[in-house]
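Enquirer: If you scroll down you'll find the structure; I have some questions about it.
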Amino acid sequence: MQAKVLSICTAVALAVCGLTSPAMAQSNARMVGPEQIQSYWIMLNTKVDADIPNSGSNMDKPGCVAVSFLIGSDGVPQNVTVRKVVPQSGLDAVAKSVVNNFRYGPALKNNTHEPVNTYFIVPFNLPADPAQRQSITNACKLTGYDQA
């Protein structure tokens, strides 16, 4: 009986430890929109490489891809997820590879290196007209990222 109680206690302890795992901390991270991200994290990249496929649908059309991710305490994107592609195209993998290559340093306000959830809009083939450009990228905006 004592061994069974001990194994139940061990299982409960493991379950409780699992609640405070990094994955759980990430889901509780502040949600910060692209407009406010520089208050928490500064992008360090001066250029970013991308994996570009040889072919795919709508690869030459104007559009955008919204990619959500968590900036971890080390400044590296985690849980990189394509959330919106406008119009549907084969550019989602390109956008995901771009974001996976981002690197960030903490802003002065973020001296504890607080992880934050955010997103980035990767534009493709945008027209020269500023109004048209804005209209296309607005289609990829995500809601719920305003806890800054």
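Any read-out appearing in this document is the output of simple, stated calculations on the displayed coordinates, not a laboratory observation. Please read these numbers as outputs of a predicted model, since none were measured by experiment. FYI the Cβ positions are ideal-geometry reconstructions off the backbone, even for glycines, and counts take in every protein chain you see.
Enquirer: Restricting to region 33-55, give me the number of residues that are in a loop (DSSP other than H, G, I, E, B) and in contact with a helix residue (DSSP H, G or I) (Cβ under 9 Å, 6 or more places away or on another chain).
Expert: Kept after step one, since they are in a loop (DSSP other than H, G, I, E, B), are these residues of region 33-55: 33-36, 40, 44-55.
Imposing the further condition that a residue be in contact with a helix residue (DSSP H, G or I) (Cβ under 9 Å, 6 or more places away or on another chain) reduces the set to 48-53.
Adding up the residues that qualify gives 6.
Enquirer: Given the condition on the phi > 0 side of the Ramachandran plot, under 17 Å from the mean Cα position of the chain (by Cα) and exposed (fewer than 12 other Cβ atoms within 10 Å of the Cβ), answer yes or no: does some residue in region 130-148 qualify?
Expert: Yes.
Enquirer: Please name all residue pairs, on different chains or six or more residues apart, with Cβ atoms under 6 Å, provided the first residue is in region 102-118 and is surrounded by fewer than 16 Cβ atoms within 10 Å (Cβ to Cβ) and the second residue is of a type in the set (A, V, I, L, M).
Expert: Filtered contacts from region 102-118: Arg103/Leu44; Gly105/Ile42; Gly105/Leu44; Ala107/Ile42.
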